[in-house]
Amino acid sequence: MKYIVTLCFSIFILVISSYADENVKNKTKITYGYPDQSIFIATINGKEQPITPMLNVVKELFGQTNLSWDSEAYPAKRLIRNLKSGKTDFSILVKASSLLNNCIFSKKPIYSTNLNVYYIGDKPPITTKEDFIGKRVVMIRGYSYGSLRKFLNNPKNNITIESTSTHSSAFSMLKYGRADYLLDYASAAKDIISQDPIADLKSYTLDKVNIFLVLSKSYPNADKLMNKLETIMESIDINKIMDHKSENTITH
């Protein structure tokens with residue numbers, strides 16, 4: 001009887017192992033999901049998908065693995081749901097606490113940017129969220145700005161919000177006096193400012209934003225793959241890759 005139990009257990013282990021190996025073998029594709037509202041200046045491809053500099057990084061990253069890949073832009077909330085469910089395998093995001101149970105994050109950030117408040121001339125500087133009380137502020141739709149949006153939207157704080165859809169229109173609104181202050185990420189703002197300088201423009205950094213590799217735990221051998229991706233990231237110059245502006249369309 002003991003021999004039969006041992007034999008059955010061994011067969012069970014072999015079946016499970018074989019299934020796992022087959023699953024890994026068949027999983028040669030990985031899906032990259034990214035937010036449709038970017039912290040970078042984005043162009044639109046023929047499929048009406050935003051193309052950002054981070055896609056060039058992903059192209060380089062998966063070009064050094066044996067995985068084929070595809071990509072899709074999603075609203076932020078849907079992207080989070082997809083990563084939780086495993087519908088989307090991979091992303092590059094801030095370390096969202098809501099994903100810690102379902103995803104692996106790279107040990108180190110692969111990119112950092114600043115959340116800045118921009119203003120013109122001698123307006124009082126904004127150094128804390130309380131400084132926004134009673135002010136007019138340009139905000140870009142689709143961003144949560146961490147916990148700041150909730151404070152700014154609170155009617156008790158008497159803050160006038162001027163909303164717009166793009167980084168360029170946000171700076172135009174600031175330039176022409178539609179608001180006194182603008183919240184934006186330095187990673188996008190630097191391109192706008194370099195193309196259309198604003199006289200006496202000033203800024204103050206409210207927060208540093210770190211971006212990590214994010215991999216669904218449901219992906220086969222997720223730990224092993226994350227280690228490989230981290231090793232690849234250490235060997236490439238991310239800023240040089242992101243500065244390639246010649247590619248308006250990513251093919252893969």
Handout entry: Net charge of neighbours whose Cβ lies under 14 Å from the Cβ of residue 76, counting Lys and Arg as +1 and Asp and Glu as -1
Key = +4
Fill in the blank from the handout: Under the Karplus relation with 6.51, -1.76 and 1.60 and θ = phi - 60°, whole-Hz ³J(HN,Hα) for the stretch 65-74, x at Gly and Pro, equal 10, 9, 9, 7, 8, 9, 9, 8, 8, 9
Practice task
Output the Cα-based Rg and Dmax of the stretch 168-248 in Å, rounding Rg to one decimal and Dmax to a whole number.
Solution key: 18.4, 53
Exercise for the section: State, as an integer percentage, the relative contact order of the stretch 114-208 based on alpha-carbon contacts under 8 Å between residues 6 or more apart. Expected result: 49
Problem - Potential extension, residue 66-residue 101 segment - 0.36 nm per residue separation minus Cα distance - result: 9.9 nm
Problem - Point-charge dipole on Cβ atoms (K/R +1, D/E -1) for the stretch 114-208, about Cα centre, debye to 20 - result: 300
Completion exercise
A chain fully extended from residue 157 to residue 144 at 0.36 nm per residue, minus the present Cα-Cα distance, gains in nm 2.9 nm
Exercise for the section: Towards the positive end of the charge dipole of the stretch 114-208, with charges on Cβ (+1 Lys, Arg; -1 Asp, Glu), say which of 159, 169, 203 has the farthest Cα. Expected result: 159
Practice task
Quick one: how many lysine pairs does the stretch 114-208 have with C-alpha atoms less than 25 Å apart and a gap of 8 or more or different chains? Give me the count, please.
Solution key: 26
Practice task
Report ³J(HN,Hα) in whole Hz for each residue of the stretch 231-242, in order, from the Karplus equation J = 6.51 cos²θ - 1.76 cosθ + 1.60 where θ = phi - 60°; Gly and Pro get x.
Solution key: 5, 5, 4, 5, 9, 10, 9, 5, 5, 5, 5, 5
Completion exercise
Rounded to whole angstrom, the alpha-carbon centroid of the stretch 159-205 lies from that of the stretch 61-100 at a distance of 29
Practice task
Return the distance in nm (one decimal) between the two label points of a simple spin-label model at residue 166 and residue 128, each offset 7 Å from Cα along Cα→Cβ.
Solution key: 3.8
Fill in the blank from the handout: Rounded to a whole number, the Stokes-Einstein D of the stretch 23-160 in µm²/s (Kirkwood radius over Cα pairs; 25 °C; 0.890 mPa s) is 139
Exercise for the section: State, to one decimal in nm, how far the label point of residue 205 lies from the label point of residue 43, with both points 7 Å from Cα in the Cβ direction. Expected result: 3.0
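None of the figures in this text is laboratory data; all of them are computed from the coordinates on show. Being a predicted model, the structure only gives us computed values, none of them experimental. Note: ideal-geometry Cβ built from the backbone for every residue, glycine included; neighbour counts use all protein chains shown.
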